[in-house]
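Below is one structure, written out as structure tokens; the observations come after it.
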Amino acid sequence: MDDRNAADPHRDGPTGAALRTIGLHKSFGALHVLKGIDFTARKGEVISIIGGSGSGKSTFLRCLNLLELPSRGAIEIGGDPLPLDYRGGHPRVRGQKRVEQARARIGMVFQSFNLWPHMTVMKNLVIGPVTVKGVSKGEARERAEGYLDKVGLPDKRDAYPAHLSGGQQQRVAIARALCMEPEILLFDEPTSALDPELVGEVLRVIRTLAEEGRTMVVVTHEMAFARDVSARILFFDQGLVAEQGTPGEIFQTPRSETLRRFIGA
Ligand code: ADP
Ligand code: MG
């Protein structure tokens, strides 16, 4: 990624892919978790990832956002390869600034919300744009108000996270990710920590974002949701994409016994 490219982050790459990985591996010591993930998300595509516990779904998302460094393989954001360096067996990214630039292009929403507990909702929303992206405080507040409206929480700007329900906290977390205006949004089981009656309000917000044509990768156990919103679904099994296809292909004509069993479960 050179500076010319960085100036136009919404430009498509040569492959037209918003996000791509080639042969992505990740090991933790002797534990080989990701075993060569080839993945492409086109601009505007919603891709769901399903799979059993421990199959590497979270590790994959964390590698995309460089919260974990892959052990091998390539990641491209909008056609720009991340400067990953594996020489000497010590993975690193050449230039801390590059890490921040790459992360700013990919928003992430976690299962456990991860809001700052000592900050109001508004402060949670403006801090990233102001400190990481150099947006003025006034503009950051305006943006935050717009996205709080979008997630249906315009009256919660002065509340602290502890005073919100889990569903409200997760909607704030989604607004916080949107405030960074990322090119791609990653969701790691965004409704798994919620009481059943709060799942719907969060899925509704994510569905709205899907309908707006945002590029999103959603790890989820909500099968009906995955079937409704996704262009494609990837089934992870033991660190590999064991099967992928349209929702129809995955749910109506699963090829492998493992996927049949998983869906049946
Ligand atoms: P999933 O999200 O599909 O349930 P994860 O990606 O969280 O799976 O985990 C895949 C495997 O990697 C599991 O065996 C898990 O224990 C292991 N793992 C994940 N993160 C770490 C870590 N930081 N250190 C060591 N092992 C890890
Ligand atoms: Mg996980």
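Quick check: is even one residue across the range 249-259 buried (at least 16 other Cβ atoms within 10 Å of the Cβ) and within 16 Å of ligand 2 (Cβ to nearest atom)? Within the range 249-259, none of the residues are buried (at least 16 other Cβ atoms within 10 Å of the Cβ) and within 16 Å of ligand 2 (Cβ to nearest atom). Within the range 169-196, if we keep just the residues that are within 16 Å of ligand 2 (Cβ to nearest atom) and in a loop (DSSP other than H, G, I, E, B), the residue that is farthest from LYS57 (Cα to Cα) turns out to be LEU194.
Taking first residues from the range 204-224 that are within 26 Å of GLY52 (Cβ to Cβ) and partners that are among the hydroxyl-bearing types (Ser, Thr, Tyr) and assigned to a helix (DSSP H, G or I), the Cβ contacts under 8 Å between residues at least 6 apart in sequence or on separate chains come to VAL219/SER58.
Within the range 56-108, if we keep just the residues that are closer than 16 Å to PHE187 by Cβ and part of a strand (DSSP E or B), the residue that is nearest to ligand 2 (Cβ to nearest atom) turns out to be MET108. The condition of being away from ligand 2 (no atom under 16 Å from the Cβ) and in contact with a strand residue (DSSP E or B) (Cβ under 6 Å, 6 or more places away or on another chain) holds for THR215. Of the residues making up the range 234-245, none is among the aromatic types (Phe, Trp, Tyr), at pLDDT 95 or above, within 26 Å of GLN101 (Cβ to Cβ) and crowded, with 16+ Cβ neighbours inside 10 Å.
Taking THR59, is it surrounded by fewer than 17 Cβ atoms within 10 Å (Cβ to Cβ) and touching a strand residue (DSSP E or B) at 6+ places or on another chain (Cβ under 6 Å)? No, not satisfied. Take GLY95 and decide whether it is out of contact with any Gly (no Cβ under 9 Å at 6 or more places or on another chain) and either modelled with pLDDT of 95 or more or not basic (Lys, Arg) (or both). For GLY95, the condition - out of contact with any Gly (no Cβ under 9 Å at 6 or more places or on another chain) and either modelled with pLDDT of 95 or more or not basic (Lys, Arg) (or both) - is met. Of the residues ALA224, ALA242, the single one that is among the hydrophobic types (A, V, I, L, M, F, W, C), under 30 Å from ALA30 (Cα atoms) and away from ligand 2 (no atom under 16 Å from the Cβ) is ALA242.
Cβ separations smaller than 7 Å between residues 6+ apart or across chains give the following pairs from the range 176-189 residues that are touching a residue at least 60 places away in the same chain (Cβ under 8 Å) to residues that are within 16 Å of ligand 1 (Cβ to nearest atom) and part of a loop (DSSP other than H, G, I, E, B): LEU186/ASN65; ASP188/PHE110; ASP188/GLN111; GLU189/GLN111; GLU189/THR220; GLU189/HIS221.
The values are calculated or read from the model by the stated rules, or taken from the named source; none is laboratory data. No experiment lies behind these values; they were computed from the predicted model shown. Cβ sites come from the backbone with ideal geometry, for glycine too, and all protein chains shown count toward neighbours.
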